[in-house]
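Quick notes on the structure that follows.
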Amino acid sequence: MPDKPRFPGPDDEIIGERIGPAEADDMPVGDASIFTSRIDLDEDDNNINGDLGESEYARSMREKSEREARRLLGLNVEWQPFTAAEQGAQLGSAERVASYRNIDTTTNPPSAKIREKQGIVAEIVRQELLSQELLRTLPTVYLGSGTDVEYPIALGARKIDLVDPIFSHPEAIKILEERLKQIVRTEVKLNTEDVTDISFDFGSGPETLSITIVPKVYYQEGMSFNKPDETYVFPDKAGLVILFASQGPGGEIRRDKEIERHIVEGGAILGERTLLKYPKGPQGEAEVIKLGKEID
């Protein structure tokens, strides 16, 4: 007569074997992880319970994904915006402080991106990373600006081109006029592609703040649409170009040779978390300055 099968008793333990690579870190993301589990017999009800905790590999992959998500959202960088006490001393006037405090964004997550912009302004101003002479005398070009006029003003720019096709809509111009009114405390009337001069105190008494709104696209090769008949044409010389999550109809706008060609000696391109300075102009190598402090 065949032996009766023996089932596990209360004092037995069964260890499942793992089949797979010896080193989990060698597995590409997305591969299934077959993990070892300990199966216990519950002495009270004799039910088999799988104690299937998160495997070491699964945890490492989850943490890696979380770090990448934080990086993409800009949450892996620590910023040091101005304290309330610093703002007046560093920015020099009530109007420039108002610009700094009113910095806004349409980029997600908004609160983190506002803090990032304010942190960038604070770091650049504290360390005097931009030439005040170039900010005063040459255009600052903000590609894909939206209505974010406060950001370049807080940096100290006096001649600003806001380049965005959104300004083909009258509503966007009205929003921009209202935002300027909140800073200078007087009515502002803007006309597309005309220069609007506003009296503004940057810390040394009244100066002229010149703003031009340009409802055009800056076109780059490879964008997912045909080149329009009219596109933004850079001024011959630019002291600063700003690219902050700059989006055009065909995708993100990136630094290219055409942008660099117009940067003068001592000028700069300000991106997200990176400042490129051109001490010798477009013919020389750019000095790369990482902004903020990476925390993971």
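Nothing in this text is a laboratory measurement; each read-out follows from the coordinates by a stated rule. The shown structure was predicted, so the numbers you read here are calculated from the model rather than taken from an experiment. Methodologically, a virtual Cβ is constructed for each residue, glycine included, from the backbone with ideal geometry; neighbour enumeration extends over all protein chains shown.
General remarks:
- Using a Förster distance of 41 Å, the FRET efficiency for Asp201-Thr274 (Cβ separation, nearest 0.05): 0.85
- Given R0 = 35 Å, the distance between the Cβ atoms of Glu178 and Asn108 translates into a calculated FRET efficiency of 0.95.
- Restricting the calculation to Cα atoms, region 81-294 yields a radius of gyration followed by a Dmax of 16.3, 50 Å.
- Restriction of the GluC sites (Glu not before Pro) in region 85-141 to DSSP coil positions whose beta-carbon has at most 13 other beta-carbons within 10 angstrom yields Glu128.
- Residue separation of Glu133 and His169 scaled by 0.36 nm, minus their Cα-Cα distance, works out to 9.6 nm of gained length.
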